[in-house]
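The values are calculated or read from the model by the stated rules, or taken from the named source; none is laboratory data. Computed from a predicted structure; not experimentally measured. When we count neighbours, we look across all protein chains shown, and the Cβ atoms used for this are built from the backbone with ideal geometry, even at glycine. Accessible surface is based on the protein model in full, side chains and every heavy atom, while ligands, DNA and RNA are left aside. Shrake-Rupley method; radii C 1.70, N 1.55, O 1.52, S 1.80 Å.
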Amino acid sequence: MTEILWAPWRMEYILREPKDEEGCVFCLPEDHLGPLPERLVLYSDQTALVMMNRYPYNNAHLLVAPRRHVATLAEATAEERSAVIELAARTTSLLSAFMKPDGFNMGVNQGKVAGAGISEHLHMHITPRYNGDTNYMTVLGETRVIPEHLAKTYEKLLELFS
Ligand SMILES: [Zn+2]
């Protein structure tokens with residue numbers, strides 16, 4: 001069943017668990033622009049980025065964040081807030097064309113009490129939803145999300161974002 005059509009470049013980076021001492025998962029190397037496979041980043045510019053969630057609720061559970069390490073919407077600048085919303089809009093357009101979802105959940109969990117897994121760096125969740133997907137059935141032909149599928153999905157989405 002498993003297709004191995006994708007190049008297994010840097011697969012080891014995607015499959016390995018990030019270590020705590022590596023710091024914030026949303027903070028990218030300072031001059032880095034564009035995708036960054038070992039961090040599951042699909043797109044980044046000077047102001048904001050899109051990455052896959054390493055622990056997705058369903059396939060193509062994406063995260064949009066400002067580049068700067070800020071914890072709250074209030075701390076972000078107007079430019080950063082605009083960039084995150086703009087990127088969220090573009091992301092949903094891409095996913096809509098590609099995966100034909102019936103809807104999206106989009107939201108920010110701000111603070112640990114609100115359910116933020118990483119409360120130090122503001123990020124917005126984007127999850128495509130389908131009618132009847134109450135069991136979070138996955139959407140790219142996989143039946144459950146395992147790391148290998150994560151890498152495969154990353155490659156499919158990377159094409160989409162390029
Ligand atoms: Zn950060």
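Here are a few things to note about the model shown:
- Scan segment 22-44 for residues that are touching a helix residue (DSSP H, G or I) at 6+ places or on another chain (Cβ under 8 Å) and acidic (Asp, Glu) and the total you get is 1.
- Being away from the ligand (no atom under 16 Å from the Cβ), modelled with pLDDT under 95 and buried (at least 17 other Cβ atoms within 10 Å of the Cβ) holds for only one residue in Thr134, Thr138, Thr143, Thr92, and it is Thr138.
- Within segment 57-72, if we keep just the residues that are closer than 21 Å to Thr153 by Cβ and within 16 Å of the ligand (Cβ to nearest atom), the residue that is nearest to the chain's Cα centre (by Cα) turns out to be Leu63.
- For Tyr55, the conditions (1) more than 18 Å from Glu38 (Cα to Cα); (2) out of contact with any Cys (no Cβ under 9 Å at 6 or more places or on another chain); (3) at pLDDT below 95 all hold with the exception of (1).
- Candidates Glu30, Glu86, Glu79, Glu75: the one that is open to solvent by 80 Å² or more (accessible area, probe 1.4 Å), away from the ligand (no atom under 15 Å from the Cβ) and more than 24 Å from Pro128 (Cβ to Cβ) is Glu79.
- A search for C-beta distances below 7 Å between a residue of segment 98-127 that is touching a residue at least 40 places away in the same chain (Cβ under 8 Å) and more than 10 Å from Thr72 (Cα to Cα) and any residue that is open to solvent by 30 Å² or more (accessible area, probe 1.4 Å) and within 16 Å of the ligand (Cβ to nearest atom), counting only pairs 6+ apart in sequence or on different chains, returns Ile118/Val25; Met124/Val108.
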